[in-house]
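Computed from the coordinates by the stated procedures, all read-outs in this text should not be read as laboratory data. Every value quoted in this text rests on a predicted model; they were computed, and no experiment measured them.
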Amino acid sequence: MKNYFIFFLLLLSVRHISSQNWDTIGNFDNWGISTLYYDSISNELYIGGSFCFVNTDTIVGLAKWNGNTISTLGCGIEWDCYTTGISGYTSPVNGILGYNNQIYVTGGFENAGNENVNGITRWNVTDWEQFGSGLKMHDGSQGIGMNFKIINSELYIYGVFDSIAGISAYGLAKFNGTNWSSVHNFPLIPTDIGAANRVNDIAFYNNE
């Protein structure tokens, strides 16, 4: 199935709105797009999902749009830059966010470029970086990141995991630019079916 990513193009004149049109910027294959992030510093739109191709170019899981062209960041997600014939479903990118002038990405993927990152990585302008063992469950299997938020100048990540970079954190963790830590000892929530903690979203309200 082909998915057409479209954005709203609003053309403004000095005196009035002259036209309003939908326009396509590219043909994203497979499961398409799941998340967007606009980086106001670079004036670029980051696009994440489960795609393997954009138009005829091999761009896997993550792309960026500068208003005119779509490009990849290194080898992207779950691709080594040289294996041909890649197709089908790829583990998704669920969240993208800029923090301290670097782009952070999370999801259900295992690799970013040639690095084994286990669900979380960052782009340092030239390459992908790993955070130790990444997101892990208590049995050693890979965890999943849902998304990020910045609260009080710290980067928060939430999802389905029991540790991040080797630090115990049950579905919620934060990064101060140097170290990861749990958030006020957020507990392991017991269930009768043995399900893992799953944090789908967070918000900062009334200083809490």
Item to complete: Report the residue, chosen from 23, 127, 57, that carries the largest GNM mean-square fluctuation when the chain is represented by alpha-carbon nodes joined by springs under 10 Å.
Response: 23
Worksheet item: Just 178, 126, 58 to compare: in a GNM of the chain, with alpha carbon springs under 10 Å, which one fluctuates most?
Response: 178
